[in-house]
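Reading through the structure tokens given below for one structure.
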Amino acid sequence: MAPRHLMSPLDFSVDELEALMDVAADIEKNPEKYAHVCDGKKLATLFYEPSTRTRLSFEAAMLNLGGKVLGFSSADSSSAAKGESVADTIRVISCYADIAAMRHPKEGAPLVASLHSRIPVINAGDGGHQHPTQTLTDLLTIRSLKGHFDGLKIGLCGDLKFGRTVHSLMNALSRYPGISFTLISPEELRIPSYVRDAMKALGIPMREDVRLDESTMKDLDILYMTRVQRERFFNEEDYIRMKDFYILDSEKMRLAPKDMYILHPLPRVNEISVDVDNDPRAKYFAQAQYGVYIRMALIMNLLGLAPEA
Amino acid sequence: MNKQGNSDDNVLSIGALREGFVLDHIRAGKAMRIYRDLKLDKLDCTVAIIKNASSHLMGRKDIIKVACPIDYLDLDVLGFIDHNITVNVIQEGRIIEKRSLHLPARIVNVIACKNPRCITSIEQGLDQVFLLTDEATETYRCRYCETKYSGKKNK
């Protein structure tokens with residue numbers, strides 16, 4: 001049977017996602033139950049560009065399941081440096097491992113791998129295109145904090161133009177009834193028109209604003225902060241002008257609703273002041289923990305494994 | 001082969017063509033591009049290109065007549081280039097069928113992705129595949145990176 005892969009967060013239906021998050025929630029409560037589900041299985045982490053956080057999250061997930069990991073963490077230390085194609089690499093890796101997670105700077109590389117693979121391939125980020133396990137992490141975090149998605153008011157703040165995590169999250173959340181978005185960004189970093197049009201076509205209420213203040217945070221259930229990424233700018237001046245446009249600090253948090261949780265895909269730079277870290281509403285480190293749980297659930301799902309009853 | 005074009009849009013002369021097809025209602029000036037994109041130069045048969053024929057519908061139009069079986073023609077490619085072209089299938093000197101074209105769901109190795117960050121820019125032997133993602137706006141996106149094709153079609 002052809003293996004199932006994960007290329008985009010929308011590859012799973014709402015029901016499938018719900019089941020996946022149920023498993024992740026159970027892992028959180030009973031981690032020992034899952035400690036040997038992947039005994040004897042191997043995860044290959046094929047990272048053609050460095051991403052310590054994502055790679056370690058995958059590796060931690062597999063180790064937590066009793067499996068083993070192998071792989072490389074940059075193109076220099078892989079056969080790509082010798083000019084090997086992605087198709088050939090995954091054909092070979094299919095002989096060594098049971099499942100693979102691939103991070104690649106070229107968009108669509110994991111899809112190419114999936115077309116030639118005998119083992120499940122997980123897209124662990126392909127350029128500015130997709131990063132589905134980040135979206136699954138965000139969804140699990142929101143569900144764990146709020147218990148549901150229906151009717152949530154989600155604020156997204158920072159770089160909404162280049163931030164693929166934001167676009168993916170909006171797409172994934174748009175499948176739930178009653179969702180609305182407050183989009184807070186500088187004029188230069190507003191969401192692309194194709195994302196706005198897609199949301200409008202679905203009839204999803206959106207409000208766009210430049211200010212991060214009491215008026216825009218009012219009523220929000222979640223505030224998702226993002227980092228302004230230096231590599232997205234052609235000139236340094238623009239980056240410097242944008243990078244500290246929003247700084248969420250404890251003073252601003254005093255104006256925010258008591259049950260408005262702060263998420264961030266990390267790493268953060270200046271956009272969330274360290275004095276917010278101890279606020280009970282700051283959930284970005286918990287989010288990293290949920291990332292391990294959802295990756296555990298995903299690995300099990302794609303391998304067709306479950307704990308013994 | 002008779003290369004005579006006909007000024008009447010409704011009565012198309014097919015001359016001495018016994019078996020083959022006629023591509024009618026090609027936008028004036030686009031016949032040569034279609035000749036290349038359909039790789040008609042690779043066919044070992046008679047091909048006639050008529051430029052700037054009069055047309056009630058279009059003012060002026062181009063026509064291509066090809067004396068080979070219709071199976072040789074990639075209708076998907078033609079549909080992508082311009083789905084308003086009329087395809088007349090000729091057998092025994094008569095039009096036996098008029099085929100309408102539609103936008104193909106998928107096109108392979110006709111256009112190339114221009115996104116420098118796309119895997120197609122480096123992977124050897126990888127087909128250039130585009131998928132029709134929005135029929136109303138005739139939007140095609142790269143199968144791999146989902147970048148919208150922004151090149152000008154035959155319009």
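Taken over the range A:114-137, the criterion of being within 13 Å of chain B (Cβ to nearest Cβ), in contact (Cβ under 8 Å) with a residue 60 or more places away in the chain and in a helix (DSSP H, G or I) is satisfied by A:114 alone.
Comparison of A:225, A:253, A:260, A:296 shows that the only residue that is in contact with a helix residue (DSSP H, G or I) (Cβ under 7 Å, 6 or more places away or on another chain), surrounded by 19 or more Cβ atoms within 10 Å (Cβ to Cβ) and over 23 Å from residue A:19 (Cβ atoms) is A:253.
Taken as a whole, the structure places residue A:140 among residues that are in contact (Cβ under 8 Å) with a residue 60 or more places away in the chain, within 18 Å of the chain's Cα centre (by Cα) and away from chain B (no Cβ under 13 Å). Among residues of the range B:106-121 being buried (at least 16 other Cβ atoms within 10 Å of the Cβ) and assigned to a loop (DSSP other than H, G, I, E, B), the one that is nearest to the other protein chains (Cβ to nearest Cβ) is B:117.
Whether a residue is assigned to a helix (DSSP H, G or I), basic (Lys, Arg) and assigned by TED's automatic domain parsing to the domain that holds residue A:264 was assessed, and residue A:143 passes this test.
For residue A:165, are the conditions met, namely being in contact with a strand residue (DSSP E or B) (Cβ under 9 Å, 6 or more places away or on another chain), under 12 Å from residue A:222 (Cβ atoms) and in a helix (DSSP H, G or I)? When the stated conditions are applied, residue A:165 does not pass them.
Exactly one residue among A:106, A:146 is away from every other protein chain (no Cβ under 14 Å) and in contact with an Asp or Glu (Cβ under 8 Å, 6 or more places away or on another chain), and that residue is A:146. Given the condition in a helix (DSSP H, G or I), away from chain B (no Cβ under 14 Å) and not basic (Lys, Arg), answer yes or no: does some residue in the range A:38-50 qualify? No, every residue in the range A:38-50 fails to be in a helix (DSSP H, G or I), away from chain B (no Cβ under 14 Å) and not basic (Lys, Arg).
For the condition away from every other protein chain (no Cβ under 14 Å) and part of a loop (DSSP other than H, G, I, E, B), residue B:89 does not qualify.
Is it the case that the range A:84-100 has a residue that's in contact (Cβ under 8 Å) with a residue 60 or more places away in the chain and either closer than 19 Å to residue A:9 by Cα or away from chain B (no Cβ under 14 Å) (or both)?
yes
Of all the listed residues (B:15, B:29), the sole one being in a loop (DSSP other than H, G, I, E, B), modelled with pLDDT of 85 or more and touching a Lys or Arg at 6+ places or on another chain (Cβ under 8 Å) is B:29.
Within the group B:126, B:103, B:78, B:132, which residue is in a loop (DSSP other than H, G, I, E, B) and more than 14 Å from every other protein chain (Cβ to nearest Cβ)?
B:103
Show the residue pairs that are 6+ apart or on different chains and have beta-carbon atoms under 6 Å apart, the first residue being within the range A:32-55 and small (Gly, Ala, Ser), the second being crowded, with 18+ Cβ neighbours inside 10 Å. Here the result reads A:44/A:71; A:44/A:93; A:44/A:97; A:44/A:100; A:51/A:103, each pair linking the range A:32-55 to a residue that is crowded, with 18+ Cβ neighbours inside 10 Å.
Considering every residue within the range B:79-95, establish whether at least one is surrounded by 15 or more Cβ atoms within 10 Å (Cβ to Cβ), touching a Cys at 6+ places or on another chain (Cβ under 6 Å) and farther than 21 Å from residue B:33 by Cβ. Taking every residue of the range B:79-95 in turn, none turns out to be surrounded by 15 or more Cβ atoms within 10 Å (Cβ to Cβ), touching a Cys at 6+ places or on another chain (Cβ under 6 Å) and farther than 21 Å from residue B:33 by Cβ. Does residue A:269 satisfy the condition of being loosely packed, with under 15 Cβ neighbours inside 10 Å and either among the aliphatic types (A, V, I, L, M) or within 17 Å of the chain's Cα centre (by Cα) (or both)? Spelling it out, residue A:269 is indeed loosely packed, with under 15 Cβ neighbours inside 10 Å and either among the aliphatic types (A, V, I, L, M) or within 17 Å of the chain's Cα centre (by Cα) (or both). For residue A:309, are the conditions met, namely being closer than 18 Å to residue A:169 by Cβ and among the small types (Gly, Ala, Ser)? Taking the combined requirement at face value, the residue does not satisfy it. When you look at residue B:42, is it farther than 30 Å from residue B:133 by Cβ and either among the aromatic types (Phe, Trp, Tyr) or buried (at least 16 other Cβ atoms within 10 Å of the Cβ) (or both), yes or no? So residue B:42 does not fit the description; no.
The values are calculated or read from the model by the stated rules, or taken from the named source; none is laboratory data. Owing to the predicted nature of the structure, the values given are computational and were not obtained by experimental measurement. Note that we place each Cβ from the backbone using ideal geometry, even for glycine, and neighbour counts take in every protein chain shown.
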